[in-house]
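Shown next, in structure tokens, is the structure this report addresses.
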Amino acid sequence: MADPDGGWRFAQCFGDKGDVDDVTEADIISAVEFDTSGDFLATGDKGGRIVLFERNEGKKGCEYKFYTEFQSHEPEFDYLKSLEIEEKINKIRWCKKQNAAHFLLSTNDKTIKLWKVFEKSLKVVSETNVPTDATPARGGAMLKSSLKLPRLIHHDTMIAAVPRKIYQNAHAYHINSISVNSDGETYLSADDLRINLWNLNVSDQSFNVVDIKPVNMEELTEVITASEFHPSHCNLFVYSSSKGTIKLNDMRTAALCDQYAKLFEEEEDPQSKSFFSEIISSISDLKFSRDGRYILSRDYLTLKIWDMNMESKPIQTIQIHNQLKSKLCDLYENDCIFDKFECTFSGDGKNVLTGSYNNYFHVYDLETGNDIPLQADKSAFKAKKVGSTKNKPVVSAFGKKNRAEDVGMAETADFTKKILHASWHPQENTIALAATNNLFLFQQ
């Protein structure tokens, strides 16, 4: 008989394991990202901290242990605009590794920082001329032959994190995306109305490559919601909008990409139009497959997979929580309709992952059409200990109604528990998910 959970199992959890309802706001995880090797994992939180985990080589399977933690951003105040700038980490992106040190970009709403994380040797003086516990006799002379040169010896190794570059004053609006280019030298940062191109080595200037700000702000009809570089063509990048469109831009055509190279847009059925249509069609995240052939996008109710060669409609649309269609009014009232769920491809491009409410997340097998809903819940530790089946999902084909999540969510959805941030290991089937203030790891 086929395994109902597709071989997925809970592996690890970091963070407060108690059933605490009053979670400290600063501890809520706001970004999760594996590095390109999968040996390191970074999380950022609303308190501006970054925590790094490294693979625990001593354990068989993909297990991680704490590596280091540092304060990436501090709360600031913009005196010109009388605005508080939160320290919350919006995005983390690893740079290609070139030596023993790790480099990663982190951003809050306004400032991007390039961090260097490296092992630093702590040395101590091993030999001194005067014993440390004795005072020499007054007037006593030391023989030349007994003089020793002080020597430094290795005492300990510490992990240091230093900001190598700080890129600031380039965004008037909140930064929602950063993406490192395949050339390893440049990256882009996007806010609501503009996308800037940076050289990693130059922090005092950037080039504006997209600007959708109208002359009269009353004519504003859409905002940029996410942006990403193509994984292998360093001249191509995509960005999504709040209108549900994806635009592909080619930087070889013009310095300012006013004209897109391709527009991926699905025509809306006029009969299904409602007050909420535009809100739920806003794309919250988009990712390229590793080969650059497909684009995965997530809006409030669906996941869509687009072929780079077909602009008129997605090649696949996956319903995430169809049962919430009747609850859009309540979700608008409690602001949950504006939740921004992330999405990601697996390393081999055969599966996609996204989150949902009640701490459910979905792994979709694109070849078989199986949808595996799993729950990243505190009960997972207990389940691991006693072999409970509480986290066992019900496998179904896309869009079918017998999903474990549908049963549990139709009436009793807890909209405070949601999986917004997730990352998939680049080489194997291990996924990292942020559930409020906990980091969960699942393996297949």
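The values are calculated or read from the model by the stated rules, or taken from the named source; none is laboratory data. On a predicted model such as this, the values are computed, not experimentally measured, just so you know. Here Cβ is always computed from backbone atoms with ideal geometry, including for glycine, and neighbour counts include all displayed protein chains. Please note that ligands, DNA and RNA were not included when accessible areas were found on the heavy atoms of the full protein model with its side chains. Shrake-Rupley method; radii C 1.70, N 1.55, O 1.52, S 1.80 Å.
Things worth noting here:
- Scan of the range 329-344 for residues that are within 17 Å of Ile419 (Cβ to Cβ), hydrophobic (A, V, I, L, M, F, W, C) and open to solvent by 20 Å² or more (accessible area, probe 1.4 Å), ordered by number: Phe338
- When Glu69, Glu86 are checked against the criterion of being surrounded by fewer than 20 Cβ atoms within 10 Å (Cβ to Cβ), of a type outside the set (Lys, Arg) and in contact with a Gly (Cβ under 9 Å, 6 or more places away or on another chain), Glu86 stands alone in meeting it.
- Residues in the range 286-300 that are in contact with a strand residue (DSSP E or B) (Cβ under 6 Å, 6 or more places away or on another chain), among the charged types (D, E, K, R) and more than 15 Å from Phe229 (Cβ to Cβ): 1 in all.
- Residue count for the range 318-348, restricted to those that are farther than 30 Å from Gly38 by Cβ and in contact with a Pro (Cβ under 7 Å, 6 or more places away or on another chain): 0.
- Matching residues in the range 259-280 - criterion: being over 19 Å from Asn235 (Cβ atoms), open to solvent by 40 Å² or more (accessible area, probe 1.4 Å) and of a type in the set (Gly, Ala, Ser): Ser272, Ser274
- Taking each residue of the range 2-14 that is closer than 19 Å to Val32 by Cβ and looking for partners that are of a type in the set (A, V, I, L, M) and modelled with pLDDT under 70 with beta-carbon atoms closer than 6 Å, six or more apart or interchain, yields Phe10/Ala380.
- Test: residue in the range 268-283 that is without any contact (Cβ under 8 Å) to a residue 40 or more places away in the chain and hydrophobic (A, V, I, L, M, F, W, C): yes
- Criterion (of a type in the set (Gly, Ala, Ser), farther than 22 Å from Ala434 by Cβ, open to solvent by 50 Å² or more (accessible area, probe 1.4 Å) and in a loop (DSSP other than H, G, I, E, B)) met by exactly one of Ser326, Ser312: Ser312
- Residues satisfying the stated conditions in the range 39-62, i.e. open to solvent by less than 40 Å² (accessible area, probe 1.4 Å) and closer than 19 Å to Ala100 by Cα: Phe40, Leu41, Ala42, Val51, Leu52, Phe53, Asn56
- Top-ranked residue of the range 168-181 - restricted to ones that are among the aliphatic types (A, V, I, L, M) and not in a strand (DSSP E or B), ranked as surrounded by the most Cβ atoms within 10 Å (Cβ to Cβ): Ile175
- Per-region count, the range 127-167, residues surrounded by 11 or more Cβ atoms within 10 Å (Cβ to Cβ), in contact with a Leu (Cβ under 9 Å, 6 or more places away or on another chain) and at pLDDT below 80: 2
- Top-ranked residue of the range 184-207 - restricted to ones that are among the small types (Gly, Ala, Ser), farther than 21 Å from Lys243 by Cβ and outside any loop (DSSP other than H, G, I, E, B), ranked as farthest from the chain's Cα centre (by Cα): Ser206
- Taking the range 38-91 as the region of interest, the strands (runs of 3 or more DSSP E) fully inside it that hold 2 or more residues being under 18 Å from the mean Cα position of the chain (by Cα) and not aromatic (Phe, Trp, Tyr) are 40-45, 49-55, 64-71.
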